[in-house]
Amino acid sequence: FATAAVAAPELFEAIAGEALRRVREFNSQGLASTVWAFATAAVAAPLLLEAIAGEASGRIREFNSQNMANTVWAFATAAVAAPLLFEAIAGEALRRVREFN
């Protein structure tokens with residue numbers, strides 16, 4: 001929708017509501033992709049992003065380097081502060097820095 005320049009606020013609102021209820025079911029790619037989609041479409045969903053930040057912070061070891069990068073980019077692009085998430089990602093990135101390409 002963002003690439004096609006099509007606004008779909010009702011769709012994003014429905015997705016945000018459903019994702020918020022099911023965020024614990026998402027795998028690391030699902031968490032990263034969801035926050036990326038909202039940031040790319042410039043759709044504000046503060047409750048969803050807060051829930052994703054909390055969920056991702058506790059499961060950051062499940063994230064590959066691409067998921068970590070996409071998540072950081074999305075939160076920065078959406079201008080949503082998530083200091084605990086950023087600390088978790090920084091710590092994990094330091095632990096796995098030799099794996100990055």
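The values are calculated or read from the model by the stated rules, or taken from the named source; none is laboratory data. These figures come from a predicted structure and were not determined experimentally. Here the Cβ positions follow ideal geometry from the backbone for every residue, glycine too, while neighbour counts run over all protein chains shown. Ligands, DNA and RNA are stripped out before the accessible areas are found, and what is left, the full protein with its side chains, is counted by its heavy atoms. Shrake-Rupley method; radii C 1.70, N 1.55, O 1.52, S 1.80 Å.
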Q. With a ≥ b ≥ c the root eigenvalues of the C-alpha gyration tensor of region 29-72, is it rounded (a/c under 1.5), prolate (a/b larger than b/c) or oblate?
A. oblate
**Q.** Of ASN101, SER57, PRO83, farthest towards positive along the dipole that unit charges on Lys, Arg, Asp, Glu beta carbons give the chain
**A.** ASN101
**Q.** the chain - charge dipole about Cα centre, Lys and Arg +1 at Cβ, Asp and Glu -1, debye rounded to 20
**A.** 340
Q: With a 1.4 Å probe and every protein chain left in place, tell me how much accessible area VAL72 has, in Å² to the nearest 10.
A: 50
Q) Which loop trypsin sites (Lys or Arg not before Pro) in the chain, with loop taken from DSSP, have no more than 16 other Cβ atoms within 10 angstrom of their Cβ? A) ARG59, ARG96
Q.
Given the -39500 (n - 2.57) contribution per DSSP H run of 4+ residues, what per-residue ellipticity at 222 nm results for the chain, rounded to the nearest 500 deg cm²/dmol?
A. -21000 deg cm²/dmol
Q) Over region 4-101, what percent of the accessible surface lies on carbon and sulfur atoms, probe 1.4 Å? A) 57
Q: Can you tell me the 0 to 90 degree angle between the C-alpha axis of helix 46-58 and the longest principal axis of the chain, rounded to 10?
A: 20
(Q) Quick check: the angle from helix 65-77's long axis to the longest principal axis of the chain, C-alpha only, nearest 10 degrees? (A) 50
**Q.** Between 0 and 90°, nearest 10: helix 9-22 axis offset from the chain longest Cα axis
**A.** 40
Q. Accessible area per residue, 1.4 Å probe, Å², for the chain: what's the number?
A. 62
Q | Modelled FRET efficiency - R0 22 Å, GLN66 with GLU92, Cβ distances, 0.05 increments | A | 0.95
(Q) So, R0 is 22 Å and r is the distance between the beta-carbons of ALA44 and ALA14; what FRET efficiency does that work out to, to 0.05? (A) 0.90
